[in-house]
Structure formats: C-alpha cells, structure tokens
Amino acid sequence: MADYIIALKIGSIHTEYAFNLTSSEEEICPYVKFWGKDVGLETPTTPTCILFDEHEQFISFGYKAKQSYLSKRDQQERGMFFFDCFKFLYRKNLTKNLDIKAANGKEMKALKVFTEALRFLKDDALKTISENAEGMKFTASDFTWVLTVPDSCDPSAKPFMREAATQAGIVTDRNEDKLAIALESEAALSWCMKLPAEGFITETRIYLHDLQSPGKQHIVIVDEDENINFAVHKVLEGRELEELHRSSLNDLGGQSVDRKCKEFLREIFTHKVWDEYEENYPSEVQRMMWEFSLFKEHDDDIDISCPFSLGSLAQKHQEIEKFFEGIQGASWDYGLSIRISKHKLRSVFAQSLQGITHNVRGIFNKRFNIGCILLVGEYAECKVLRRHITDEFIDYCKVLCPFRPRESILKGAVVLGKQQQKGLQFWKSAFTYGIGVSDRFDELKHIKERKFTNKDGEWCGGLFIKLVGVGEHVGMNKTMEFTFYPIQADQTMMNFYFYRTQKKIPKYVTEEGVEQIGCLFLNSPNTEYRRSREVKLMITFDLMDMKIKAKDLTSESESATKFGFMWK
C-alpha cells in the first residue's frame, strides 16, 4: 500500500487536520476536515478543548467537549478535567512531568492531555479517511504524519510532541521516521511556492518568479490564534528554505480582534446583561463570534444576528433600541440584527495592525533583501489586514496572499511530508552544539583567565569548537568525524564535554548562554605514542538524538553516549 500523508495542526485555540491520498508529489490535493455539524456549524477548525472525567479518562474533544462541559452542573464540573486552549506549548523547557491546570483548578500531566488529544485526532482522521476512500481500511502506519508547530514555540515542544505522538500510537520507536515536525511559516511558504498565479487573491501583486527563485528572501506572517509569528526565509536550490529571522507578537492576532468585538457588544448591552447571557447561553455566544469571524473578512458594514435569548434578556431591562443610544458605530436593525459600521469595524483592527506594521518595519531595518511579504493563516482572510499591509509595504516589496490562506499551513505540511518520504529533511538545528577543547595558549588569541599549565606546557582550556550551528541544515544519520590528541603525554583518560547555545559561534564554553548538556569519558591506557595518540570522535544526528562514539586508535578502547538533539 502507498504511504500517504496526514497533517495535524494543534493551535492554542483551534485545531485542524488534512490528509492526502495521492502517491505522486506533483498531485498534492489535501482534503481538509470540516467540524461542528453537531452544534450547527461547519468550520475547518474545531476548538482546542478536551474533557476528561474525574478518573482522568478521556471523554471528548473540540466542539463536543466544550458543549458537554458547559452543559454540566456545578457539582459535575468540580469532578471533571476540562482544558480550553493549549497555551502550555509556548512554555520554556517542556518536560514529561509538567502539570497543567484544568478550568476548575485541578491538575493533570500536560503530556497525558496532549497525548489524548493526538489519539483522538489520529482515530478521527483514520475514520474520516476510510469514509472517503470507498471502504478502504487504514492504520496509522500507512501514513507519514506531519505535526505543525508555531515558529514561536520553545524547541523543547518538539521532543515533547514526539513523545506524545508515540504514546498516542501515531508512530512507534521502530517507525519514528514517519513523524515529521514542521514550522508553520516554512510549511505555508512551501505550499505557496507550488501555487500558480491564479492561486493568489487578485487584489495583491502576483510575481511568482519573485517567490520561487533561489536567493530570494521572504517575510511570512502567520496568524496563530492570538499570536502573530513572523519569519524570514531564504529560498535555496531545490526550493529548500533557510530561516534567517523569527519574531512574534503576543495577543495581537485575529483572536484579539474577535475579543474587541465581544467587548463592544458588552458595552452595547451593558456588563450585567451580557455577562448573564454569556453564562446562560455560551453556545449562542460562540455562534455569534463565529458569525463575526466570517463578516470581519469584509471591509464593509456588517449585520450580526441578535439571538432571541439575548433580545429577551435585554428587554427585561429596557427596549433594545435604547441600548444603542449614544453608541458610536452600532445601530439596531429592526430585522433583529446588530449593524456595526465599516468605520467601527476598522477601529477594532487598529491595535493589531499597528503592532504588525511596527514589527515588519523592524525586519526591514535589519537590512534583509526582502522580495515578498506572504500573509497566511486565518487572520489573512480579512480584507482590512491585506489592504493595510499592501498599502504600507507595496513600495518596498511584493505582498501576496493565497486563496484560502488559513489552509496553506496544513497543505504545506503535506508538501513537506512528501519531501520526508523522499528522504529530504527540512529540520534545522535549534541550537549551536559544540565541544570544549584545549589548545596551546597564545597570548594574542586567548584570555589569561583560561590559561593553565601541565607537564607538557601552557594551554588554553574551555575553547568552544562548533559541531553544528543554530539554524543549520543537518542531514539525517549524517556522521561527522573529528580527530583529537591528548594534552599530556601520560594522560590515560580523555574527557569530552558537550555544550549548546543560541549564539552563532561562542569562543569559550564559559560564556553567558552556553550550557553543558553532557560528557563522554574514554580510557586511553596505552601511552606508548605519548601525545601523538589519535582519538576519533564520530557524531551522528538522527530524529531525536546526537549519538557520539569515541575510539582510541592506539589502545582500541571505545566509548559511546547520546544526547537529545533539538530541531527547529
């Protein structure tokens, strides 16, 4: 059976997945799952919510989990575990033992929460695929799985997610090469580079040569629920991508615009009425906000339906039209809808647009040779955003937005999954990794603080020798070989200490931001050749680890170890 692709995107607020059942790299036609029919919606995403019972047993995920939890009485809620928004993925140094709080304050292991979310998505994807594949039955091993992660997540999120995926049954230790983890910006750009000119929204400027040509540098702006991530990628030969820069804005994404709209509705109906409505009819509020998310894509006056329950609550206090007296930018339509003016709609975007503009100008100030700005993600559906970015930066570069921009990340993940199957690796090192060595002391090159003396002379200790740099491509199972010699003629033990840092090339292992990650000791009992003894150090990188083997060629003694290796 052919090896197919499933791409999963678990955002902090929304989750989605897509799959591809064509075996040809040129025929990539991902199918995106739609959610919400059981709550009267049909959306390409579902809320990132998960519900467990009092014994930490999984109950439901997404819309169903949210609706089930909100319908429970207080006594039932106290015994359950409900998690809404997986923001823990942004934490530093994620570990298997991390506890996170549910809505009621009770705690569970974050790894279990994420594992059960992935298990549900795996099972749902396999079921959905079987229903759309004329009765064919599939197992997880029939697919290459691609998990996307925001550019701003901590590097520790990747081994954390890989462990969760393994526990969820997506992959096993024997086929871990069938799981890839991809940055959202890289996935989106990979998809857009495959699109024809008609694959982009026509109000933007379309120059596909500028997008696809080797040497070009592009800004990718990705809306990740509440956050906006920025990345600069350089196109290499074969359409591989090299990351040059990344940054992010917190709480200024599309969700911040939705939040300001909800605040405006609360201002109209007063805190008392709106809070009562939100408490008693949470699913209706959810539906209203979904309706707004659709309307906000247009730069025009919008009409949001006023549910009967909200109207009834409001009329207990006064006639509905009186709530709109003195409110700028909103009016009551007697057809039972709330009209928000185009001018007011633009104002709820203002803070977000200002933050985006400031961040992009900061990128240009770093002197990158930017060819295009690419807008992707749910927020890019909004005409107000697209026009603003085009107006602000069209004199500096091209501005592009694909049709259905929210799907470009998932579809690009499928493209990267195809590359994975061909043996093309697209991960980059999240750190600069190195080894500490000693060299003959040179007062013109070395600081006195690192000087030490032994029987064979003066040395400088703790020099950092780079193995791989932050952001560098590293081929899977590629082995690097180094030769070392003892620094003392009668030395019978060789000690190797390994380090990592976010710096490009530190000079000393004692510099700020350089941390030791492990060590390797090698016996060297035969000192016959004194300081001429050769020791070979061989380092191999795979999906999870940096595997290290040392061999003394004189005595033929060997030693080996491995350390966790983090990819971008």
Applying the selection to the range 85-113, what residues are modelled with pLDDT of 85 or more and either on the phi > 0 side of the Ramachandran plot or touching a Pro at 6+ places or on another chain (Cβ under 7 Å) (or both)?
-> Gly105
Scan of the range 32-63 for residues that are over 24 Å from the mean Cα position of the chain (by Cα) and in a strand (DSSP E or B), ordered by number | Phe52, Phe58, Ile59
Residue pairs qualifying under the 8 Å Cβ cut-off, at least six apart or on distinct chains, with the first in the range 291-312 being free of Cβ contacts under 8 Å to residues at least 60 places away in the same chain and open to solvent by less than 40 Å² (accessible area, probe 1.4 Å) and the second being of a type outside the set (Asp, Glu) and part of a loop (DSSP other than H, G, I, E, B), are Ile302/Lys296; Cys306/Leu336; Pro307/Tyr281; Ser309/Tyr281; Leu310/Tyr281; Gly311/Leu336
Restricting the range 1-20 to residues that are surrounded by 18 or more Cβ atoms within 10 Å (Cβ to Cβ) and hydrophobic (A, V, I, L, M, F, W, C), the one modelled with the lowest pLDDT turns out to be Ile13
Which ones in the range 137-195 are under 29 Å from Lys234 (Cβ atoms) and polar (S, T, N, Q)?
-> Thr144, Thr148, Ser152, Ser156, Ser185, Ser190
Given the conditions (1) surrounded by 15 or more Cβ atoms within 10 Å (Cβ to Cβ); (2) under 30 Å from Glu242 (Cβ atoms), report the number of the one that Leu522 does not fulfil.
-> (2)
Which condition number does Thr48 fail, the rest of (1) modelled with pLDDT of 90 or more; (2) of a type in the set (Val, Ile, Thr); (3) in contact with a Leu (Cβ under 7 Å, 6 or more places away or on another chain) being met?
-> (3)
Taking the range 318-363 and the residues there that are open to solvent by 90 Å² or more (accessible area, probe 1.4 Å), of a type outside the set (A, V, I, L, M) and more than 30 Å from Asn229 (Cβ to Cβ), the one that is farthest from the chain's Cα centre (by Cα) would be Glu319
Within the range 134-160, can you find the residues that are of a type in the set (Lys, Arg), out of contact with any Lys or Arg (no Cβ under 9 Å at 6 or more places or on another chain) and touching a residue at least 24 places away in the same chain (Cβ under 8 Å)?
-> none
Scanning the range 235-257 for residues that are of a type in the set (D, E, K, R) and under 20 Å from Gly377 (Cα atoms), the one least open to solvent (accessible area, probe 1.4 Å) turns out to be Glu243
Complete set of residues in the range 92-121 that are under 17 Å from Val149 (Cα atoms) and open to solvent by 10 Å² or more (accessible area, probe 1.4 Å) = Lys92, Asn93, Leu94, Thr95, Leu111
Residues in the range 489-503: is at least one more than 19 Å from Ser438 (Cα to Cα) and open to solvent by 50 Å² or more (accessible area, probe 1.4 Å)?
-> yes
Out of (1) modelled with pLDDT under 80; (2) surrounded by fewer than 18 Cβ atoms within 10 Å (Cβ to Cβ), what's the single condition that is false for Glu42?
-> (1)
Tyr281 being open to solvent by less than 30 Å² (accessible area, probe 1.4 Å), touching a helix residue (DSSP H, G or I) at 6+ places or on another chain (Cβ under 7 Å) and among the hydroxyl-bearing types (Ser, Thr, Tyr) = no
Of the residues that make up the range 71-91, is at least one open to solvent by 80 Å² or more (accessible area, probe 1.4 Å), assigned to a loop (DSSP other than H, G, I, E, B) and either under 28 Å from Cys153 (Cα atoms) or touching a residue at least 12 places away in the same chain (Cβ under 8 Å) (or both)?
-> yes
Which residue out of Thr479, Thr492, Thr432 is touching a strand residue (DSSP E or B) at 6+ places or on another chain (Cβ under 8 Å) and over 30 Å from Leu244 (Cα atoms)?
-> Thr492
For Phe498, are the conditions met, namely being modelled with pLDDT of 90 or more, within 29 Å of the chain's Cα centre (by Cα) and among the hydrophobic types (A, V, I, L, M, F, W, C)?
-> yes
Subset of the range 258-271 that is open to solvent by 60 Å² or more (accessible area, probe 1.4 Å) and without any contact (Cβ under 8 Å) to a residue 40 or more places away in the chain - its residue that is farthest from Val348 (Cα to Cα) | His271
Considering every residue within the range 254-270, establish whether at least one is within 22 Å of Leu41 (Cβ to Cβ), modelled with pLDDT of 85 or more and small (Gly, Ala, Ser).
-> yes
What are the residues in the range 31-61 that are of a type in the set (Val, Ile, Thr) and in contact with a Phe, Trp or Tyr (Cβ under 7 Å, 6 or more places away or on another chain), if any?
-> Val39, Thr43, Thr45, Thr46, Thr48, Ile50, Ile59
Checklist (1) part of a loop (DSSP other than H, G, I, E, B); (2) within 25 Å of Cys29 (Cβ to Cβ); (3) modelled with pLDDT of 90 or more applied to Leu410, failing item | (1)
Can you tell me which residues in the range 365-383 are charged (D, E, K, R) and either open to solvent by less than 50 Å² (accessible area, probe 1.4 Å) or within 30 Å of Leu294 (Cα to Cα) (or both)?
-> Glu378, Glu381, Lys383
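The values are calculated or read from the model by the stated rules, or taken from the named source; none is laboratory data. As the structure is a prediction and not an experimental result, all values here were calculated from the model. Counting neighbours? That spans all protein chains shown, and the Cβs are built from the backbone with ideal geometry, glycine included. Just so you know, the surface numbers come from the protein's heavy atoms only, side chains and all, with ligands and any DNA or RNA stripped out. Shrake-Rupley method; radii C 1.70, N 1.55, O 1.52, S 1.80 Å.
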